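To start, the structure itself, in structure tokens.
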Amino acid sequence: MVFAAVAMVAIVGAVAFVIDTGIFFVIQRQFQTAADAGALAGAWHDPICPLAYGPPCQPSSATPLLVGTVVGSPPSCKMPPSPPGAQPNCAPCAAGFTACDVALANAQTVSQLCIAPIQVIVATGTSLALIKPKVNDIVVIVKCDAGYSFGRILNLSSRTLWSSAAAALGNRNTATCPTNPPTSGGDITDLSATPPCGWIARLID
Amino acid sequence: MRAKQPSQAVVEFGLIAILFTALMFATVDFGLLLNTWLSVSSATREIARSASVGKKDVTLLAEASKLNMPSVSTAGFSKFCCDEPTPTTSAVEVKVEYFLGTQGSPPPIPCPPWQAGCTAVPPGSIDKSYTAGDLGTTGTCNPGPTCRPQSDDVVRVTVTAYGAQIITPLLRPIFGCTNGSNPQCYVPLTSTATVRYEGAEF
């Protein structure tokens, strides 16, 4: 009887751990896809790619960009006007900005596994904490609270899952064209608009 | 009161053992399916990125045919990947769809997949070199200003592994797998990635 009780607790605990961890894996994996796709899509739009530069930059049909600093784990935003250490709530990523739309479209496929709405945070600028200085890049963070299913046996309720990605534009042809911003620390004006250099968005973090 | 008989413990153990075994089998199968799904997800990301940077149909098809997917069986299918017909005859299917972005002549109204009522660009408007739905099916229009895909379009790639299986015998009946129907016990696993089309390959 004692052996059976001990074995039962151990096996049920193992099953709980495996299934909950597996579900969290699935969510985080999809969030990484969402953050990567959002950042790569957003890198082409103003202000990461300034309209004044001309092609390949494109306008943003919405202006939800947060010029701030990504801080904390799970990450949040620290806005410039805030006093040091303060972390005001970030404004939700508005529909209409490509990075937000693409990230959310990918993340929504696992929305049923979250117990709270999925949040998408976008930050941009040349001084983001995670990235090399001067590079004009975009950081996309996707996160949600996921509930434990079997873990509730162990009094666990939820866990915040998140993924982030940063991207910037560069030249496609790196053999004969200027080095990409991620490695040179430069911005888009350092690149070549002359064929066959071409343009491509690259993940840089 | 009668004393506890030795055979009672055997019967109780038998009942509990079935439950424990089922739980362990479920854990094993869940882990295997999760592993397969992760490879499906990776494949989706890779193909979506390739489609995003303008890789053409033949390149995507070659990429899909070389995918490494653990636990995906080709038994009962004509090949690993990628047949167009529905219902499928291959163990893995890849679908590439394009949605209207902002570029073009004349500029179209954007119709991305996350917008209600938007559908994929029909095969008749896809450049012959690119896919138009299931991988292996090229488009039909001649390259020109109205041909898709064009920069800022949206690409949606869906990979489905029809050949993923439940392998532990105790769980197969739960999924309706008997020797009569679905003898291989296939459980389709799907992953989707939506990305921005960055422009043609050169």
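The values are calculated or read from the model by the stated rules, or taken from the named source; none is laboratory data. These figures come from a predicted structure and were not determined experimentally. Here the Cβ positions follow ideal geometry from the backbone for every residue, glycine too, while neighbour counts run over all protein chains shown.
Figures for the structure shown
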| quantity | calculated |
| --- | --- |
| Flag for A:Ala52 being surrounded by fewer than 20 Cβ atoms within 10 Å (Cβ to Cβ), more than 9 Å from chain B (Cβ to nearest Cβ) and within 21 Å of B:Leu19 (Cβ to Cβ) | no |
| Failed item in (1) touching a Cys at 6+ places or on another chain (Cβ under 8 Å); (2) not in a helix (DSSP H, G or I), with B:Leu61 passing the rest | (2) |
| Yes/no for B:Ser50 being in a helix (DSSP H, G or I), modelled with pLDDT of 90 or more and touching a Lys or Arg at 6+ places or on another chain (Cβ under 9 Å) | no |
| Restricting the range A:100-146 to residues that are surrounded by fewer than 21 Cβ atoms within 10 Å (Cβ to Cβ) and among the basic types (Lys, Arg), the residue that is modelled with the lowest pLDDT | A:Lys132 |
| Complete set of residues in the range A:189-204 that are away from chain B (no Cβ under 13 Å) and touching an Asp or Glu at 6+ places or on another chain (Cβ under 8 Å) | A:Ile204 |
| Identity of the residue in the range A:27-48, of a type in the set (Val, Ile, Thr) and more than 7 Å from every other protein chain (Cβ to nearest Cβ), that ends up farthest from the chain's Cα centre (by Cα) | A:Ile48 |
| B:Ser151 of a type in the set (S, T, N, Q), outside any strand (DSSP E or B) and touching a Pro at 6+ places or on another chain (Cβ under 9 Å) | yes |
| Conditions (1) touching a Pro at 6+ places or on another chain (Cβ under 7 Å); (2) among the hydrophobic types (A, V, I, L, M, F, W, C); (3) surrounded by fewer than 22 Cβ atoms within 10 Å (Cβ to Cβ); (4) closer than 23 Å to B:Ser42 by Cα; number of the one not met by B:Cys118 | (4) |
| Residue ID - nearest to the other protein chains (Cβ to nearest Cβ), chosen from residues in the range A:1-24 that are at pLDDT 90 or above and crowded, with 16+ Cβ neighbours inside 10 Å | A:Gly22 |
| Options B:Lys56, B:Lys66: the member that is among the charged types (D, E, K, R) and either within 12 Å of chain A (Cβ to nearest Cβ) or in contact (Cβ under 8 Å) with a residue 60 or more places away in the chain (or both) | B:Lys56 |
| Inter-residue pairs, beta-carbon under 8 Å, first modelled with pLDDT under 75 and in the range B:168-192, second crowded, with 17+ Cβ neighbours inside 10 Å, 6+ apart | B:Thr178/B:Arg172; B:Pro183/B:Cys177 |
| Residues satisfying the stated conditions in the range B:138-185, i.e. charged (D, E, K, R) and farther than 27 Å from B:Asp29 by Cβ | B:Arg148, B:Asp152, B:Asp153, B:Arg156 |
| Members of the range B:166-191 that are part of a strand (DSSP E or B) and buried (at least 21 other Cβ atoms within 10 Å of the Cβ) | B:Tyr186, B:Leu189, B:Ser191 |
| Residues that are closer than 30 Å to B:Leu60 by Cβ and among the β-branched types (Val, Ile, Thr), drawn from the range B:167-194 | B:Val187, B:Thr190, B:Thr192, B:Thr194 |
